[in-house]
Amino acid sequence: HRKTRPYPKRTQYSYVSRVYAFEPTPPFNIAARSGFFCLGFAPTRGGVDEDEEASQSDNEQVWGAANEYELKIMGTKFDCPRIHFVSGIAEKVGDEDTVIVSYGVNDCYPRMVEVSKDFLVSLLKGRR
């Protein structure tokens with residue numbers, strides 16, 4: 001992830017992410033990387049089936065931290081958290097074409113998302 005510089009300086013930092021691909025042999029130089037992106041909020045209970053495990057907690061304190069603080073860069077607001085931090089990536093058991101990405105939202109709420117490896121590869125651009 002990368003911190004954006006606050007603009008103007010009195011505002012808080014925001015965080016964005018990118019995907020990296022490394023060469024398979026030492027010294028493992030970066031072979032390609034994606035552009036910057038952000039990961040989304042959890043769906044609210046009103047937007048999904050009540051039995052859906054991925055829906056947002058009813059805890060108001062967590063809900064606010066996880067859904068209210070949107071990413072804003074140079075006056076443009078994005079539909080994603082101001083802070084998200086990718087903390088892990090693992091191949092999905094039984095599905096070698098998919099990975100599970102774990103991340104935190106606004107330093108408060110944990111999330112996981114399934115992503116196809118083909119999609120991640122499609123984001124990569126050759127190193128210049």
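The values are calculated or read from the model by the stated rules, or taken from the named source; none is laboratory data. All figures in this text were calculated on a predicted structure; none of them were measured in a lab. What goes into the accessible areas is simple: the full protein's heavy atoms, side chains included, and nothing from ligands, DNA or RNA. Shrake-Rupley method; radii C 1.70, N 1.55, O 1.52, S 1.80 Å.
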Taking θ = phi - 60°, what integer Hz values does the Karplus form 6.51 cos²θ - 1.76 cosθ + 1.60 yield along region 77-87, in sequence order, with x for Gly and Pro? 9, 10, 7, 7, x, 5, 10, 9, 9, 5, 10
Per residue, accessible area of region 72-128 with a 1.4 Å probe, heavy atoms of protein chains only, in Å², comes to 71 Å²
Row for region 73-128, column shape: gyration tensor on C-alpha, a ≥ b ≥ c, rounded if a/c < 1.5 i.e. under 1.5, prolate if a/b over b/c, else oblate; value oblate
